[in-house]
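The structure appears right after this line, and notes come after that.
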Amino acid sequence: MQESQLADAVRFDENGLIPAIIVSDDDGAVLMLGYMNDEAIRQTLRERVVTFWSRSKGRLWMKGETSGNTLDVVSIHVDCDQDALLVRVHANGPTCHTGNRSCFFTEVNV
């Protein structure tokens, strides 16, 4: 799929969002989950830096806009149902706002 086709090919939910799983291109670690709308996808493609739609802020939000811990896009993959994205990135510092490398640092004992 061509980059120019991505925003038109995905299936957004009823709120106009699609989940984006952020993965380290270095080692495959899952770093975070965010949501993108059409504009966030287009800005991410244009800037090559991950931008989300912040549900809590109600606006576009470039990861690292205040911390400097941006996520540089390496590649974007669409799942088979076209309702989720996997974004491979180079992380410029910790991804989690807590200072942890990944937002998934709390293990559940099963």
Per the filter on segment 54-72, residues open to solvent by 70 Å² or more (accessible area, probe 1.4 Å) and touching a Leu at 6+ places or on another chain (Cβ under 9 Å) are Arg55
Which numbered condition Ala20 fails, given (1) part of a strand (DSSP E or B); (2) open to solvent by 60 Å² or more (accessible area, probe 1.4 Å): (2)
Taking Leu86 as meeting all but one of (1) without any contact (Cβ under 8 Å) to a residue 24 or more places away in the chain; (2) assigned to a strand (DSSP E or B); (3) open to solvent by 40 Å² or more (accessible area, probe 1.4 Å), write down the number of the exception. (1)
Note on segment 73-83: residues open to solvent by 50 Å² or more (accessible area, probe 1.4 Å) and either among the polar types (S, T, N, Q) or more than 21 Å from Leu17 (Cβ to Cβ) (or both) are Val74, Gln82
Which one is most open to solvent (accessible area, probe 1.4 Å) among residues in segment 89-110 that are among the aliphatic types (A, V, I, L, M) and in a loop (DSSP other than H, G, I, E, B)? Val110
How many of the residues making up segment 41-58 are outside any helix (DSSP H, G or I) and either among the hydroxyl-bearing types (Ser, Thr, Tyr) or at pLDDT below 95 (or both)? 6
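The values are calculated or read from the model by the stated rules, or taken from the named source; none is laboratory data. All of these numbers come straight from a predicted model, not from anything done at the bench. Here Cβ is always computed from backbone atoms with ideal geometry, including for glycine, and neighbour counts include all displayed protein chains. We work out accessible area using only protein heavy atoms, side chains counted, and drop any ligands, DNA or RNA first. Shrake-Rupley method; radii C 1.70, N 1.55, O 1.52, S 1.80 Å.
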